[in-house]
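Structure first, commentary second.
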Amino acid sequence: DERRLRVRLHCAAAPTTGDSALLERVVGNLVENAVRHNVEGGWLEVRTEADTSGALLTVGSSGASVPEATVEQLFEPFRRGAQRASGSGSGLGLSIVRAVVSAHRGSVAAEPVDGGGLVIRVHLPAAAAR
């Protein structure tokens, strides 16, 4: 509220299996980063959905411009974008996200948003049928 962010949530059921505390940390890290690195009056969108191959979580937000060539580096431990170097945070959030997603046999990818910001997509395997 203090930063006047416009938040949109599109949360459909997206069942997967795994360690609930770690998967919660994935969501928390992505949303926290989207708020922390956003701009005054910016936007943030969280979407969950499922398809035949699994669960998809997408977190996108406005923010500083992120050069395409540096996006992958943001997933390395202690790496932060140049515009974020003086900000808060340890630079571990996205590396933790990648490690947890990988441990759950999933994938994570990011891409810059035209005009500034980032969209991060997490894909996790579908929950096993019972």
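For every residue, the table says whether it meets (1) assigned to a strand (DSSP E or B); (2) closer than 28 Å to GLY116 by Cβ; (3) in contact with a Gly (Cβ under 8 Å, 6 or more places away or on another chain).
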| residue | (1), (2), (3) |
| --- | --- |
| ALA13 | no, no, no |
| LEU22 | no, no, no |
| ASN29 | no, yes, yes |
| VAL35 | no, yes, no |
| GLU40 | no, yes, no |
| ALA50 | yes, no, no |
| VAL59 | yes, yes, no |
| GLY63 | no, yes, yes |
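Per the conditions (1) out of contact with any His (no Cβ under 8 Å at 6 or more places or on another chain); (2) open to solvent by less than 70 Å² (accessible area, probe 1.4 Å); (3) farther than 14 Å from GLY106 by Cα, the sole criterion not satisfied by THR58 is (3). Among residues of the stretch 25-51 being more than 18 Å from ALA109 (Cα to Cα) and not small (Gly, Ala, Ser), the one that is farthest from the chain's Cα centre (by Cα) is GLU40. Checking the structure you have, find out if any residue of the stretch 119-128 is open to solvent by less than 20 Å² (accessible area, probe 1.4 Å) and assigned to a helix (DSSP H, G or I). Checking the stretch 119-128: not a single residue is open to solvent by less than 20 Å² (accessible area, probe 1.4 Å) and assigned to a helix (DSSP H, G or I).
THR48 passes every criterion in (1) open to solvent by 60 Å² or more (accessible area, probe 1.4 Å); (2) among the polar types (S, T, N, Q); (3) touching a Cys at 6+ places or on another chain (Cβ under 7 Å) apart from (1).
Of the residues making up the stretch 52-67, those that are over 17 Å from GLU2 (Cα atoms) and either without any contact (Cβ under 8 Å) to a residue 40 or more places away in the chain or within 15 Å of the chain's Cα centre (by Cα) (or both) are ALA55, LEU56, LEU57, THR58, VAL59, GLY60, VAL66.
The values are calculated or read from the model by the stated rules, or taken from the named source; none is laboratory data. Quick caveat: nothing in here was measured; it's all calculated off a predicted structure. No Cβ is skipped: glycine too gets one built from the backbone with ideal geometry, and neighbour counts run over all protein chains shown. Only protein heavy atoms, including side chains, enter the accessible area calculation; ligands, DNA and RNA are left aside. Shrake-Rupley method; radii C 1.70, N 1.55, O 1.52, S 1.80 Å.
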